[in-house]
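The values are calculated or read from the model by the stated rules, or taken from the named source; none is laboratory data. Note that this is a predicted model, so its numbers are computed, not measured. No Cβ is skipped: glycine too gets one built from the backbone with ideal geometry, and neighbour counts run over all protein chains shown. Surface areas here come from the heavy atoms of the whole protein model, side chains and all, with no ligands, DNA or RNA. Shrake-Rupley method; radii C 1.70, N 1.55, O 1.52, S 1.80 Å.
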Amino acid sequence: IDFDFPEAKIILDKKGKPVDIRPYEANTATKIIEDFMLLANETVASEYFWQEIPFLYRVHDTPDPEKIQALAEFIRNFGYGLKGVQDEVHPKELQKLLSRVADSPEEALISRLTLRSMKQAKYTTECSGHFGLAAKYYCHFTSPIRRYPDLQIHRIIKDNLRGRLMREGRTEHYAEHYAEILDEVARQSSVCERRADEAERESDKLKKAEYMSYHLGEEFEGIISGVTGWGLYVELPNTVEGLVHVNTL
């Protein structure tokens, strides 16, 4: 499922003051690299799953039917529909929806609601598949940002290539070591990933708030990106998002 949310490129001066914020544009080279990365990750995960070696997978569970049902009811207001809502929705169906709403006024809103209807990916020792990538086998063998799970997997591969995991049909003590530690490695990696993502979001928000403080009193056009009981969230073309509180409406 190819979400096309623009990442913020925050330009700072020598003192760390934000002087410009604009959407980060991914070029063709970036997309090719991402495709190679996904293929590498799937290939390695598949190889080690079938070797039945203790391993660390990246999994993404199927969304809750209630959330998909709520999404289907909402998008019906815009004339869109989803198949398989009563049973188990297929990733391709959500990708079709994103393709249909592309370049429409409601694209940002529906894309975000689609993302929020899905579960969070995590690390685990069980290979249960990756819904968002429609991949049966997936791991973080390589990634643009070096992660601890990548390093852990590289260690397992290295030990396997050196014959330390299996020998004449017997499990070596290295394999037993990985079997003992990987559940905790998966749990800790998932926790730290969420913490790092939150820290990244907070630092971005800090610089965005600082940048917009230089533009108080100006008017901007934006798209409503969320609706809550306390007001509307509006996103500007430069990726800055703010709250229009219900008391000010």
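Key figures for this structure:
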quantity: Area projected by the alpha carbon convex hull of the range 110-202, averaged over all directions, nm²; calculated: 7.6 nm²
quantity: Gain in span if fully extended, residue 37 to residue 220, counting 0.36 nm per residue against the direct Cα distance; calculated: 62.1 nm
quantity: Efficiency of FRET from Cβ geometry, residue 244 and residue 15, R₀ 22 Å, rounded to 0.05; calculated: 0.10
quantity: For residue 11, solvent-accessible area (1.4 Å; no DNA, RNA or ligand), Å²; calculated: 50 Å²
quantity: Solvent-accessible area of residue 30 with every protein chain in place, 1.4 Å probe, in Å² to the nearest 10; calculated: 40 Å²
quantity: For the range 49-58, 3J(HN,Hα) per residue [Karplus equation, 6.51 cos²θ - 1.76 cosθ + 1.60, θ = phi - 60°, Hz, x = Gly/Pro]; calculated: 5, 6, 7, 6, 9, x, 8, 10, 9, 10
quantity: Nearest-ten-degree value, helix 148-161 long axis tilted from longest Cα axis of the chain; calculated: 20 degrees
quantity: Largest to smallest accessible area among 173, 60 [probe 1.4 Å]; calculated: 173, 60
quantity: Nearest 10 degrees, 0 to 90: helix 173-212 Cα axis against the chain principal axis; calculated: 10 degrees
quantity: Sequence of 140, 245 from largest to smallest accessible area, 1.4 Å probe; calculated: 245, 140
quantity: Neighbour cut-off at most 14 other Cβ (10 Å), DSSP loop, chymotrypsin sites (Phe, Trp or Tyr not before Pro), the range 181-249; calculated: 220, 230
quantity: Mean shadow area of the chain, taken as a quarter of the surface of its Cα convex hull (nm²); calculated: 17.4 nm²
quantity: Kirkwood Rh, angstrom, the range 24-169 [1 / mean 1/r, Cα pairs]; calculated: 17.4 Å
quantity: Exposure of residue 116 as accessible area (Å², to 10), given a probe of 1.4 Å and all protein chains; calculated: 130 Å²
quantity: Most fluctuating residue given options 231, 16, 222, as computed from a GNM of the chain linking Cα atoms under 10 Å; calculated: 16
quantity: Accessible surface, per residue, of the range 1-59 when the full set of protein chains is kept, probe 1.4 Å, Å²; calculated: 69 Å²
